[in-house]
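J.: So that we are looking at the same thing, I have put the structure below in structure tokens.
None of the figures in this text is laboratory data; all of them are computed from the coordinates on show. Computed from a predicted structure; not experimentally measured. In this analysis, Cβ positions are derived from the backbone assuming ideal geometry, glycine residues included, and neighbour counts consider all displayed protein chains.
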Amino acid sequence: MSILRVLFNILWFVLGGFIMGLLWWLAGLLCFISIIGIPFGRSCFVIGEMAFWPFGQDAVNRRHINRYDDIGTGTLGTLGNIVWFVLFGIWLALGHLAHALLCFVSIIGIPFGIAHLKLALLSIAPIGKTVVARHAS
């Protein structure tokens, strides 16, 4: 892991990543209230970890990794994403957008704003996605 990636992750954590990661985990806890929500909750904890330390990680469609459709990448995944968006996605996306706007105020905050925008897009439709480590090239 590069020193720059570690530095960015530490700055990110202090400048908004901690708050948004906790919000992802709160959404996960709320999902665990019902049995149907358990897969949503598990995903919230995985993406919440990414929200704590986003640099060096990417969210990709599972279809590209597995080379086949599964329950989350098909029609049921689309329906799940609609339910997710209405219950939690819109609020998490607005939180990431607000943090992105605050980060874009300064030149130093631009990479953090971009990371918040990526997480805002992920919060709109996370079902069918998985978090993978990005390797430096």
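J.: Sorting check: for 3-15, 23-35, 87-99, which peptide has the highest mean count of neighbouring beta carbons within 10 Å, and how do the rest follow? Present the calculation step by step, with values, prior to reporting the outcome.
T.: Numbers: 3-15: 14.4, 23-35: 16.2, 87-99: 18.5.
Taking the mean over residues of other Cβ atoms within 10 Å, the ranking is 87-99, 23-35, 3-15.
J.: Also, I was wondering about something else. So who's got an amide H within less than 5 Å of the one on Lys129, skipping anything under 5 residues away but keeping other chains? H placed 1.01 Å off N, in plane.
T.: Arg62
J.: Which ³J(HN,Hα) values, rounded to whole Hz and listed in residue order, are derived for region 73-82 from phi using the Karplus coefficients 6.51, -1.76 and 1.60 in 6.51 cos²θ - 1.76 cosθ + 1.60 with θ = phi - 60°, glycine and proline given as x?
T.: 9, x, 5, 5, x, 5, 4, x, 5, 5
J.: Considering Cα pairs under 8 angstrom that are at least six residues apart, work out the relative contact order of region 3-133 and quote it in whole percent.
T.: RCO, region 3-133: 29 percent.
J.: Step through the residues of region 110-116 one at a time and calculate ³J(HN,Hα) from phi using the Karplus curve (6.51 cos²θ - 1.76 cosθ + 1.60, θ = phi - 60°), rounding each to whole Hz and writing x for Gly and Pro.
T.: 4, x, 6, x, 4, 5, 5
J.: Multiply the residue gap between Lys118 and Leu15 by 0.36 nm, knock off their C-alpha separation, and tell me the result in nm, one decimal place.
T.: Roughly 35.5 nm would be gained on extension.
J.: In region 48-124, which trypsin sites (Lys or Arg not before Pro) are in a loop and have at most 15 other Cβ atoms within 10 Å, using DSSP for the loop call?
T.: On the way: sites: Arg62, Arg63, Arg67, Lys118; in loops: Arg67.
Filter output for region 48-124: Arg67.
J.: Sequence-distant or interchain residues sharing an amide H contact under 5 Å with Gln57, placed H: which?
T.: Residues meeting the criterion, in which the H sits 1.01 Å from N, are Arg134.
J.: Give the distance, in whole Å, between the Cα centre of region 13-54 and the Cα centre of region 79-137.
T.: Cα centres, region 13-54 to region 79-137: 12 Å.
J.: Let me ask you something else. About the Cα centre, and with charges only on the beta carbon of Lys, Arg (+1) and Asp, Glu (-1), how big is the dipole of the chain? Nearest 20 debye, please.
T.: Working: 8 positive and 4 negative charges, 41 e Å.
The calculation lands at about 200 debye.
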